[in-house]
Ligand code: GLU
């Protein structure tokens, strides 16, 4: 198991002590601190002025009550969160997650990851994250609207295009962003387009934002494959999830000649040996908001459904795995199975989907492993491009935006690759991403003094 350098171990212990009961946050911090030993060995000045301790402590944490009325007239109570983690690079930036599993530890881990991810994009955005334990599943449009309005009625005072710019994440898509933006506009009496990203195309949204996370992960994973002299063409690929990230990963991988044979949702996974029919998947997931089992029923021959709890999607043999569902969905056991089945590359579309044991298993087996904070940065990078368009009251074409995204992903890949080499860990994209992201945030923090 990788160790934390002696000089950094007390920082980790303090994080665990002060953030009790938040295992995902501990996991995210631990992984970064394991990488930073190599930095402080070369540059002990980074240990000064509690720079690393300050990065591990959110600048501000907001927790609030969200009351709303359901369709039966009953009052419901949820809890809202926004963790404004680090603004050294720019306004806080990161999505909102609406899911029953949300708690302060989950939002902190996501916000912490977002600091490094956003720094890697090379664009001027700080790190933040928010959300609620609200469960949108089975809720009517009216209920979703009333929830979003109540959530924004509290949060709006903490936002602003120069302050904090939320977007979507699990459970928050174009519909929710629309309701949130409408309420922000009403409360502030300002048309401040740059306060939220992931907006609809009719009111300041960017073309290619919907596709950006999945496309970006495909570019990143393709760049990793190319360092080994290969590509997606003819590869068998498994993409977990079936939300926005998964759907556009499948689309891009198929355009490069890869064959995606499986995807999933919380009810289970489907396998289609003929390659996933994207139109059918989009119809089920984007239009009907249905369950993944419907795919196998409608597709018929060559396709089957495995219920959740009766098997793991990672049992499906593939050359490339792209986990795009949620944190810790791919365990050490899954990783061993993937390695035994000959996987050569893993690109994380979700945030922290592989457990530390899984990452170790991949790296020891020589599998190219792209961590989420680098591989899935295309979503937030395109959010920053949306902010640019809003600030200049402009609108770019799909091609223009996608071309910028492709360049950004190539640059992220190259900077992770080169940083890993510079710090004596060639081919280790985890170390590369953590160190490259850290240095970009640490330098402005130092320039600002102790704040
Ligand atoms: N939720 C996405 C992420 O994890 C996007 C955030 C954004 O666009 O601000 O990076």
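The values are calculated or read from the model by the stated rules, or taken from the named source; none is laboratory data. These numbers come from a predicted model, not from an experiment. FYI the Cβ positions are ideal-geometry reconstructions off the backbone, even for glycines, and counts take in every protein chain you see.
All but one of (1) within 29 Å of residue 136 (Cβ to Cβ); (2) out of contact with any strand residue (DSSP E or B) (no Cβ under 8 Å at 6 or more places or on another chain); (3) surrounded by fewer than 16 Cβ atoms within 10 Å (Cβ to Cβ) hold for residue 340; state the number of the condition that does not hold.
Here residue 340 meets the rest and fails (1).
What's the total number of residues in region 113-141 that are in contact with a strand residue (DSSP E or B) (Cβ under 9 Å, 6 or more places away or on another chain), part of a helix (DSSP H, G or I), within 12 Å of the ligand (Cβ to nearest atom) and over 26 Å from residue 265 (Cβ atoms)?
3
In region 265-282, what residues are closer than 26 Å to residue 235 by Cβ and either out of contact with any strand residue (DSSP E or B) (no Cβ under 7 Å at 6 or more places or on another chain) or in a helix (DSSP H, G or I) (or both)?
Those that are closer than 26 Å to residue 235 by Cβ and either out of contact with any strand residue (DSSP E or B) (no Cβ under 7 Å at 6 or more places or on another chain) or in a helix (DSSP H, G or I) (or both): 265, 274, 277, 278, 279, 280, 281, 282.
Limited to region 196-227, what total is found for residues that are in a helix (DSSP H, G or I), free of Cβ contacts under 8 Å to residues at least 60 places away in the same chain and within 12 Å of the ligand (Cβ to nearest atom)?
Number of matching residues: 1.
How many residues does region 142-170 hold that are within 16 Å of the ligand (Cβ to nearest atom) and more than 23 Å from residue 190 (Cβ to Cβ)?
2
Restricting the search to region 421-448, which residues are in a loop (DSSP other than H, G, I, E, B) and either surrounded by 15 or more Cβ atoms within 10 Å (Cβ to Cβ) or free of Cβ contacts under 8 Å to residues at least 40 places away in the same chain (or both)?
Listed by number, the residues that qualify are 423, 425, 426, 427, 428.
Considering (1) in contact (Cβ under 8 Å) with a residue 24 or more places away in the chain; (2) within 15 Å of the ligand (Cβ to nearest atom); (3) surrounded by fewer than 24 Cβ atoms within 10 Å (Cβ to Cβ), say which one residue 388 fails and leave the rest.
(1)
Condition (residue is modelled with pLDDT of 95 or more, more than 21 Å from residue 27 (Cβ to Cβ) and buried (at least 22 other Cβ atoms within 10 Å of the Cβ)) applied to region 369-380: is it met by at least one residue?
Yes; the residues of region 369-380 include at least one that is modelled with pLDDT of 95 or more, more than 21 Å from residue 27 (Cβ to Cβ) and buried (at least 22 other Cβ atoms within 10 Å of the Cβ).
Given the options 399, 418, name the one that is away from the ligand (no atom under 16 Å from the Cβ), farther than 24 Å from residue 210 by Cα and surrounded by fewer than 17 Cβ atoms within 10 Å (Cβ to Cβ).
Among 399, 418, only 418 is away from the ligand (no atom under 16 Å from the Cβ), farther than 24 Å from residue 210 by Cα and surrounded by fewer than 17 Cβ atoms within 10 Å (Cβ to Cβ).
Return yes when residue 72 is within 30 Å of residue 16 (Cα to Cα) and modelled with pLDDT of 95 or more and no when it is not.
no
May I ask you to list the residues in region 345-362 that are crowded, with 20+ Cβ neighbours inside 10 Å and either within 16 Å of the ligand (Cβ to nearest atom) or not in a strand (DSSP E or B) (or both)?
Of everything in region 345-362, those that are crowded, with 20+ Cβ neighbours inside 10 Å and either within 16 Å of the ligand (Cβ to nearest atom) or not in a strand (DSSP E or B) (or both) turn out to be 347, 348, 349, 350, 351, 352, 353, 354, 358, 359, 361, 362.
Check whether at least one residue in region 179-195 is modelled with pLDDT of 95 or more, within 11 Å of the ligand (Cβ to nearest atom) and surrounded by fewer than 24 Cβ atoms within 10 Å (Cβ to Cβ), and report yes or no.
no
The conditions are (1) crowded, with 21+ Cβ neighbours inside 10 Å; (2) closer than 21 Å to residue 341 by Cα, and residue 228 fails exactly one of them. Which is it?
Here residue 228 clears every test but (1).
I need the strands (runs of 3 or more DSSP E) fully contained in region 57-104, keeping only those with at least 3 residues that are within 13 Å of the ligand (Cβ to nearest atom) and out of contact with any helix residue (DSSP H, G or I) (no Cβ under 6 Å at 6 or more places or on another chain).
Correct list: 92-98.
What is the one condition in (1) out of contact with any helix residue (DSSP H, G or I) (no Cβ under 7 Å at 6 or more places or on another chain); (2) more than 14 Å from residue 118 (Cβ to Cβ); (3) crowded, with 21+ Cβ neighbours inside 10 Å that residue 413 does not satisfy?
If we test residue 413 against (1) out of contact with any helix residue (DSSP H, G or I) (no Cβ under 7 Å at 6 or more places or on another chain); (2) more than 14 Å from residue 118 (Cβ to Cβ); (3) crowded, with 21+ Cβ neighbours inside 10 Å, just (1) comes out false.
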